[in-house]
Amino acid sequence: MKELWIDLQPDSPRALYEQIYEYIRKDIADGKIFPGEKLPSTRFMAKNLQISRSTVELAYEQLTAEGYIEPKPCAGYFVCDISMLYQLSRGQEKPEEGRLMERQKKQYEISFSPYEIDRKHFPYGIWYRMHKSVVPEDNPDLLLSGNPKGELNLRMAISRYLYQARGVVCDEKQILIGAGNEYLLLLLAQIMGRDKKVAMENYTYLQAYYTFCNMGYRVLAEEIDEDGICMEAIRKENPDMVYVMPSHQFPLGNVMPLRRRLELLQWASEGEERYIIEDDHDSEFRYKGKPIPALWGNDTGEHVIYIGTFSKSIAPSLRISFMVLPHSLMERYHSSCGFYACTVPRNSQEVLCHFMEEGHFERHLNRMRNNYKNKHDTFMRLLKQEDWVCRIYGDNAGLHVLVELDVKWKEEEVVEQAREQHIEIHGLGEYVIQKPKEKKVPTLVLGYGNLTEDEMEQGLAVLREILDK
């Protein structure tokens with residue numbers, strides 16, 4: 001067993017578990033702790049460092065989520081082997097300053113949609129004041145056309161946020177703002193050119209799939225293993241781009257470990273025109289450990305295209321997304337697409353910019369993380385009391401979980417019967433590009449973002465009645 005001496009700094013602004021996590025992560029990356037070595041037990045380390053055991057467990061859970069260590073039943077935690085993979089630096093330091101899922105128009109009494117957000121805790125008063133502060137009478141320049149890439153101040157605010165929260169080092173010149181992820185993917189297709197091949201996970205965000213199809217791209221639906229998109233098929237089919245959601249895969253809820261991230265980056269680095277599209281879906285809300293850093297932060301070869309949105313962190317109706325391009329693709333953007341006007345109104349950009357610069361966004365995120373954590377814990381408690389629930393997974397982040405049913409049920413029938421009783425639910429099969437060869441266990445995708453505990457209980461009671469027949 002490897003003994004570790006960690007000099008914890010109680011007065012540091014960084015939490016103790018983060019200090020433990022960073023110390024072990026660095027030693028593994030630097031080769032000071034070897035693959036296969038056993039780490040001290042959480043009980044031993046807690047006693048040795050004179051801290052609570054739960055603090056050590058949080059650090060180990062974070063290391064496990066990122067693929068640095070793995071737990072073995074009744075044996076402990078062991079260091080994963082990442083030495084054979086392409087080793088990447090942590091990146092430069094920050095310088096100073098076909099079948100879209102139909103959205104039901106019908107109003108449901110209770111919605112388990114994974115797209116729902118908590119509407120009761122939106123900061124309506126602050127948002128209203130932000131709007132009043134940027135009306136054209138006070139700022140007549142907003143009546144004119146703005147920067148095609150988006151307003152400079154907002155791009156600067158997004159750049160700061162990405163660095164602080166996601167480990168993305170970029171400058172505002174690399175950021176493009178657009179009305180939703182679909183528009184940005186259309187813009188990206190214009191930049192990349194036609195007749196491209198793009199690989200996607202077979203269970204995925206179907207709006208992205210259909211956007212690529214409409215642009216004439218050949219889309220390769222790849223299988224997913226426990227680490228994410230399968231690399232064997234990627235190497236064999238050699239696509240131009242790979243579209244992934246490494247920090248929180250939708251809809252499966254998986255987190256891509258470091259091993260697979262490095263494999264993807266190695267594959268991209270071996271070709272001249274290979275890119276990874278990183279959709280940082282739902283990365284803000286994680287319930288164990290700290291948020292997983294973005295894949296962009298591990299890329300030193302400018303092979304990652306980063307896409308983010310404010311749809312879950314603020315509201316879907318805001319329709320503000322952003323894309324961070326490598327410098328080489330920015331040159332193409334200026335030459336082929338720089339004349340396109342920004343699709344987000346300037347006053348909306350100004351409101352969001354003020355919201356971020358005055359600290360309201362950070363405070364709102366912190367409140368919503370706590371709010372969603374409480375909803376998550378309540379929903380998990382209620383689900384575990386249901387006899388019809390065979391397995392729950394994808395529950396460590398985001399605003400939905402996946403629930404497997406007994407194989408005697410047909411997923412589509414359960415969904416249809418629930419909707420007939422005014423309960424909105426979705427099945428996992430609604431998010432697949434190609435039906436898998438092997439029969440899939442019937443699985444429900446249940447969101448809880450806008451539900452109270454009473455509504456959760458009412459909705460689950462209806463499902464219980466359906467499944468008890």
The chain shape via C-alpha gyration tensor axes, a/c threshold 1.5: rounded
Placed amide H near residue 110: partners under 5 Å, 5+ positions off or other chain: 424
Nearest-20 debye value, the range 16-79 charge dipole, Cβ charges on Lys, Arg, Asp, Glu: 300 debye
Förster radius 25 Å - calculated FRET efficiency between residue 190 and residue 135 (Cβ-Cβ, nearest 0.05): 0.15
Positive dipole terminus of the range 124-361, leading residue within 187, 269, 313 (C-beta point charges): 313
Partner aspartates and glutamates for residue 288 [C-alpha distance under 15 Å; skip if fewer than 8 residues away on the same chain]: 18, 57, 61, 66, 377, 395
Helix-only [θ]222 nm of the chain, DSSP H runs n ≥ 4, -39500 (n - 2.57) each, per residue, nearest 500: -11000 deg cm²/dmol
Theoretical FRET efficiency, 1/(1+(r/R0)^6), r = Cβ-Cβ of residue 152 and residue 287, R0 30 Å, to 0.05: 0.25
Gain on full stretching of the segment that runs from residue 465 to residue 340 - 0.36 nm per residue minus C-alpha separation: 39.7 nm
Over 24 Å (Cα to Cα) - which of 26/290; 384/410; 149/197 fall in this group: 149/197
Segment residue 119-residue 365, length gained on full extension (0.36 nm per residue, minus Cα span): 87.2 nm
Amide proton proximity set for residue 305, modelled H, under 5 Å, gap of 5+: 276, 277, 278
Sorted by Cβ density within 10 Å, fewest first, the residues 192, 380, 245, 231: 380, 231, 192, 245
Two-decimal ratio, the range 16-79, of alpha-carbon radius of gyration to 2.2 N^0.38 Å: 1.01
Protection-proxy order for peptides 398-409, 262-273, 346-357, 120-131, each taking the mean of Cβ atoms within 10 Å per residue, highest first: 346-357, 398-409, 262-273, 120-131
Phi-based couplings in Hz for the range 157-174 (Karplus 6.51, -1.76, 1.60; Gly and Pro marked x): 5, 5, 4, 5, 4, 4, 5, 6, 9, 10, x, 8, 9, 8, 10, 4, 5, 8
Average silhouette area of the range 124-361, convex hull of alpha-carbon atoms, in square nanometres: 12.9 nm²
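Please figure out what share of the DSSP beta bridges in the range 192-248 is antiparallel and state it in percent, rounded to the nearest 5.
20 percent
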Sites matching trypsin sites (Lys or Arg not before Pro) across the range 192-241 that sit in DSSP coil, with at most 13 neighbouring C-beta atoms within 10 Å: 194
The chain, dipole about Cα centre (Lys/Arg Cβ +1, Asp/Glu Cβ -1), debye to the nearest 20: 180 debye
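For a quick check: sort 45, 330 by the number of other beta carbons within 10 angstrom, fewest at the front.
330, 45
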Cα gyration tensor shape for the range 234-345, rounded if a/c is under 1.5, else prolate or oblate: oblate
Percent of beta bridges antiparallel (DSSP, the chain, rounded to nearest 5): 60 percent
Estimated distance in nm for a label pair at residue 302 and residue 233, the labels positioned 7 Å out from Cα along Cα-to-Cβ: 3.1 nm
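Each reported figure results from applying straightforward, stated rules to the coordinates on display, with no laboratory input. Being a predicted model, the structure only gives us computed values, none of them experimental. Every residue, glycine as well, gets a Cβ built from its backbone with ideal geometry; the counts of neighbours run over all protein chains shown.
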